[in-house]
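Undergrad: After the structure tokens below, expect a handful of questions from me.
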Amino acid sequence: MIQFTKLRLSGFKSFVDATELLIEPGMTGVVGPNGCGKSNLIEALRWVMGETSARQMRGGEMDDVIFGGTSGRPSRNVAEVLVALDNTSRTAPPQYDMDEVEVIRRIERGQGSSYRVNGREIRARDVQLLFADAATGARSSGLVSQGRVGALINAKPSERRGLLEEAAGISGLYSRRHEAELRLKNAETNLARLDDVLATLDEQLKGLQRQARQAARYRTLSEQIRSIEAQVLYLAWLEALATIDAARMAMKEADLKVEQATELAAIAATAQAEAAADLPEMRRAHAEVEAGWQRLIVEREQLDSEEGRLAETRRDLESRLAQAASDLGREHARAADAQGAVDRLAGEQEMLAEAALGEEEGRAEAEAVMEAAVQAVAAAEKELAGLMDEVAAADAERATALRRLADAETRRDRLRDRVTQVRTQQEQAQQDGIDRTDLTAAEMDLESALEYLEESRAEAEDWDRRRVQAQAARDSARDAFQAAQTARSRLKAEADALKTVLAQGSGGEYAPVLDQVAAAAGFEPALAAALGDDLNASLDGAAPLHWQALPPLDPPLALPAGIDPLARHVTAPAALARVLGQVGIVADADAGEALRGQLAAGQMLVTRAGDVIRWDGFTARAGAPSAMAVRLAQRNRLRELEARLDDAELGVEDAEAKAQEAAEAVEEATENERAAKDAVRRAEAETTKARDLHSKLAQRFAAHESRMNALAEQAEAASADFEEAEAELMMARDVVAGFPQQEAGKDRVNALRAEVAERRSTLVEARSGLDRIIREVGERKRRLDAIAGDMDQWRRRADAARQHVEELEERRETLMLEIERLATMPDSFAKRRTHLLDRLDQAEMGRKASADALAAAEAAQAETDRAMRAAEAALANAREDRIRREAAVSAADQNCRMVAGRINERLDMTPEQLRDIADFVEGSRPDRDELQSKLDRLSRERDNMGPVNLRAEQEVAELEERMNAMRAESDDLVAAIAKLRGGIAELNKEGRERLVASFNQVDQHFRDLFIKLFGGGRAHLALTESADPLEAGLEIMASPPGKRMQVLSLLSGGEQALTALALIFAVFLINPAPICVLDEVDAPLDDANVDRFCSLVEGIAQTTRTRFLIVTHHRMTMARMDRLYGVTMAERGVSQLVSVDLSAAEAIRDSVVPA
């Protein structure tokens, strides 16, 4: 079989760095604390073998397997897992004929997964088949995940049957049987549906046969109707020809009347044009004067706004000046506090220096006292020795012993008192001292206060910077708002002026159609030339001059080829559709003249400059812009201004919102800055308080520590001396007890001995004093060093405060200069206001004069307009009459066309051809009404037949052919159903045989493994709930040693776990996989059962060559592994892998030769 040799993963879940796990023969353990990523290794193995379910990967989507990042590391966009396979036995499929096969699965965030085998990209299905052929895979029974044992224990018997099906390998049979059953069901459904369809088609065939007989009668009637209809249509054609001849005669008379009225209208139009020549210039001048007056109004509003902004800016600067003064006072206070702390430390330093002035003399004096005590002790001892020499040789030893005894007793008593005194002082000092935790807490409070102070200062400076930025943004937003208002006012002034001009020119009771007409830019002269004053007519039918909506001409009169109609460039009501459709646009007058001959009646050509070329020979050359063209241009300009004004309104609203938002941002930043500065003041107070408390506690603690150290040394020395004195006293008593009693020289020896003891006590006290002086000198030196460090820190803080004071002084000077500059600006505003009011008065006077002149000119033009309208009304009446005549001609022509169309539609021939087949002579025409009556009777008879299927005969033949094919198909379905039922029976038979064989093998393995795991007992498997093995459930019966046979659910927790493991391994042994993964399956087992479990796994590994990967927390399982991999999470959220080869370690240990 192929063997798994290596697992490498990078960016997969918590394994962000490249990690390699070697899968070697035997048992490999994976250990580590909960949550460190052990199960991620198992999931990586399943993932690379083709797992497609994100839920199986403990995720919501497959991208969740990519490292998601931690507080210290960014997330990854790619995850990759590689598994290496040993194929030296060439058991892999032929396409993988190589010694080593590397399978790589790579996923990119949002892009999906890809698979590669030895660098060649393949499908996921190919990877799944590769591992399935090796008896393993992502869902293999050899991958026992957490909870698999518990799920097996709690499963129903029918659910446990899946283990047998997996061991028997009949999952494919189930799939094929299910597919065959679906095909059988579909075939039966199709057969039933086919029978229903055949019955329906039989009824349909009978109906079609009836329809075929009816179709024959229908054809006979249709031939009779066609003959009579040909006669009726030919009579209608003759009547249409007579009507169109009469209409054309009336049209010639109407053309003559129009020519006469046109001459009169041209004379009136010339007079009106002369009167209106100067009027557009006067209106333009008046509009300019009006716009200038509006601009001055806007400038006055801007001046008022600037004065308001100036006042607000000055108030803001005064507020900032007051804040700077407050900050300056606070910084002065900080500098004073720092200087006070420096002075206090300097005083303490000076006191310690004064205390240290005589330390050398004191130390020399103490050394001299100790030296004198040493000499005194030596002299006393020498004298005692001389005395002892003078004692007789017989009493020498006794005297010495008695002296030592007395000396020891005296010294012991004195040292006992000394020990008691020192201990009492220690207890008192311990009660009077302070706890180290109090000093530590004070230090932490001081550090926290200092950190909070620095954070508060940084936050205050940050909010100060934000406030300045917000104020700059507010000023910019206000300027933008003012500019938007100015642009809007300018557009509004021009639009209002144009509205006034247009309103003055459109007087009258009825609104002209001009108000609803819009021409594309540049086409205004063309539209004015084409329609002229006809645009002043109304759409209201009650008006003397009005437009009436008529349907389009039928058939429409087409313009010459290549001519663009004016209607494409004009937006107008439907009432103008006819006239605009008959007006074409040409490049110039010459082109129009060339096309005049192609114009139909009522058509004209115009140029964009205003030239007119009409069908009837009328020609008008472009000259000065006509009043109507000017009004059209003014309307286009007004529409453009209204659109721009809407945009300007939106711009003003947006700028106003941004200005308001910027002002709110300034207020928020100011409020936050004020709160931050309050926090700085509170932090400074808390810091000062914490510093004072820490200083006091530090001084008390230093004194306490010094005293406790001195007392400890004194107690240690006194205890040692007391113990030594006790030992000397016991020795002296023993010596004295061994001598006979003698009184000679006793008193003198005792007195001298007491003196020696006293001098020795003086020596001890002198030595203690010298040690105390040395300790005090060291303590003062350490305190002086600490004071020097504190003074440096406070001086730096004082320097920082002074530097901040200088910055605040500069800021205050800047603010004061800015306030002084702003104070001089109101005078300039007053001068500007006076000058602006003068200009505004002059503009008002000019506006009134311009309006008066314009009104007089417009009154003169109105008179000529009335005369021209009267002439044009007469012309319009003549044109209307001509148009009616044209309509009559057109209607007659349309009628001819319609009759010809009916002839072509009904009989598929022309009127000339119809004459040849009509059954009468023109001289002896039959009665049309009689023919029509006969035609109606035959038509009613045909219509009363209802719908007739003329294809009935053909459909009968087609339906019979279709029914024959469906009967053959029914026979095929019956044969297929019989075949499918036989195939399903064969599949069930094969499945039962293989399932029963697999059951027997698994049952035998289960019995053997149960005995190995329990060290005895009995167990077997049973098929329950159904006599059919394919529907039966799997029940587990077990009898551990010393217990009766019972079902799995009645066993204890550990017994259930061992029994489930025996069943899992029994199934595994049917078809061993190259790798088996056990994820914490030993968790519910005790030490004895874990030992049996490990022995079983070890035996399976040796007999099947399966490589085991075991995740465990049990120490005994760890000890039985051939090698261990530890998963750690030194960095939160990032797993790392370390390994130990236990087999190699044992070999090294056994090879070491004892020395």
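Undergrad: Give me the pairs, please: first residue somewhere in the range 752-765 and closer than 15 Å to L405 by Cα, second residue anywhere and modelled with pLDDT of 75 or more and among the aliphatic types (A, V, I, L, M), beta-carbon distance under 6 Å, and either six or more positions apart or on two chains.
TA: That search, which allows pairs on different chains as well, returns R753/A406; E755/A380; V756/A380.
Undergrad: Looking at the range 81-95, is at least one residue more than 30 Å from L1050 (Cα to Cα), within 34 Å of the chain's Cα centre (by Cα) and assigned to a strand (DSSP E or B)?
TA: Start the filter on the range 81-95 by keeping residues that are more than 30 Å from L1050 (Cα to Cα), which leaves 81-95.
Those still in the list that are within 34 Å of the chain's Cα centre (by Cα) too: 81-82.
Keeping just the survivors that are assigned to a strand (DSSP E or B) gives 81-82.
Looking for residues that are more than 30 Å from L1050 (Cα to Cα), within 34 Å of the chain's Cα centre (by Cα) and assigned to a strand (DSSP E or B), one finds at least one in the range 81-95, hence yes.
Undergrad: Next up: Being of a type in the set (G, A, S) and at pLDDT 80 or above narrows it down to one residue among A287, A242, A254, A269; which is it?
TA: A242
Undergrad: Another one. Please list, ordered by first then second residue, the pairs with beta carbon atoms under 7 Å, 6 or more apart or interchain, first in the range 899-914 and within 18 Å of P555 (Cα to Cα), second in a helix (DSSP H, G or I) and of a type in the set (G, A, S).
TA: Going by the 7 Å Cβ cut-off, the qualifying pairs are V899/A236; V899/A240.
Undergrad: Condition check: modelled with pLDDT of 75 or more and either among the basic types (K, R) or farther than 30 Å from R300 by Cα (or both). Does L808 satisfy that?
TA: Details: modelled with pLDDT of 75 or more: yes; either among the basic types (K, R) or farther than 30 Å from R300 by Cα (or both): yes.
So L808 passes the test.
Undergrad: Looking at the range 33-64, which of the residues that are among the acidic types (D, E) and outside any helix (DSSP H, G or I) is nearest to E20 (Cα to Cα)?
TA: Among them, the one singled out is E51.
Undergrad: Hey, another quick one. Out of curiosity, is A1119 of a type outside the set (S, T, Y), at pLDDT below 85 and in the same structural domain as S10 (by TED's automatic domain parsing)?
TA: Answer is no for this residue.
Undergrad: Right, another one. Give the residues of the range 811-835 that are part of a helix (DSSP H, G or I), of a type in the set (V, I, T) and either loosely packed, with under 15 Cβ neighbours inside 10 Å or more than 50 Å from the chain's Cα centre (by Cα) (or both), sorted by residue number.
TA: The answer is T814, T834.
Undergrad: Is it the case that some residue within the range 536-552 is under 16 Å from D611 (Cα atoms), under 59 Å from the mean Cα position of the chain (by Cα) and either at pLDDT 85 or above or crowded, with 16+ Cβ neighbours inside 10 Å (or both)?
TA: Checking the range 536-552: not a single residue is under 16 Å from D611 (Cα atoms), under 59 Å from the mean Cα position of the chain (by Cα) and either at pLDDT 85 or above or crowded, with 16+ Cβ neighbours inside 10 Å (or both).
Undergrad: Could you tell me how many of the residues in the range 79-89 are out of contact with any Phe, Trp or Tyr (no Cβ under 9 Å at 6 or more places or on another chain) and not small (G, A, S)?
TA: Result for the range 79-89: 2.
Undergrad: Check the range 950-959 and report whether any residue there is touching a Phe, Trp or Tyr at 6+ places or on another chain (Cβ under 6 Å) and outside any helix (DSSP H, G or I).
TA: No, the range 950-959 has no match at all.
Undergrad: Go through the residues of the range 66-75 one by one and say whether even a single one is in a strand (DSSP E or B) and buried (at least 20 other Cβ atoms within 10 Å of the Cβ).
TA: yes
Undergrad: Hey, another quick one. Between a residue in the range 784-798 that is under 22 Å from A336 (Cβ atoms) and any residue that is surrounded by 14 or more Cβ atoms within 10 Å (Cβ to Cβ) and of a type in the set (K, R), which pairs come within a Cβ distance under 9 Å, given they are 6 or more apart or on different chains?
TA: R797/R334; A798/R334
Undergrad: Right, another one. Looking at the range 1003-1010, is at least one residue within 30 Å of V1097 (Cα to Cα) and not in a helix (DSSP H, G or I)?
TA: No, the range 1003-1010 contains no residue that is within 30 Å of V1097 (Cα to Cα) and not in a helix (DSSP H, G or I).
Undergrad: So, one more: Would you pick out the residues in the range 87-104 that are in contact with an Asp or Glu (Cβ under 9 Å, 6 or more places away or on another chain) and under 17 Å from A132 (Cα atoms)?
TA: Here is the first cut: in the range 87-104, the ones in contact with an Asp or Glu (Cβ under 9 Å, 6 or more places away or on another chain) are 87-88, 90-93, 95, 99-101, 104.
N87, R90, T91, A92, P93, Q95, V101, I104, listed by residue number.
Undergrad: Does the range 796-805 hold any residues that are under 48 Å from the mean Cα position of the chain (by Cα) and not polar (S, T, N, Q), and which are they?
TA: First, the residues of the range 796-805 that are under 48 Å from the mean Cα position of the chain (by Cα): 796-797, 800-801, 803-805.
R796, R797, A800, A801, H804, V805 - these are the residues of the range 796-805 that are under 48 Å from the mean Cα position of the chain (by Cα) and not polar (S, T, N, Q).
Undergrad: Right, M351: at pLDDT 70 or above, under 60 Å from the mean Cα position of the chain (by Cα) and not acidic (D, E) or not?
TA: no
Undergrad: Return yes when V258 is closer than 30 Å to D841 by Cα, in a helix (DSSP H, G or I) and β-branched (V, I, T) and no when it is not.
TA: Criteria not met by V258.
The values are calculated or read from the model by the stated rules, or taken from the named source; none is laboratory data. Here the structure is a predicted model, which is why all the values come from computation and not from measurement. All Cβ positions, glycine included, derive from the backbone under ideal geometry; neighbour counts span all protein chains shown.
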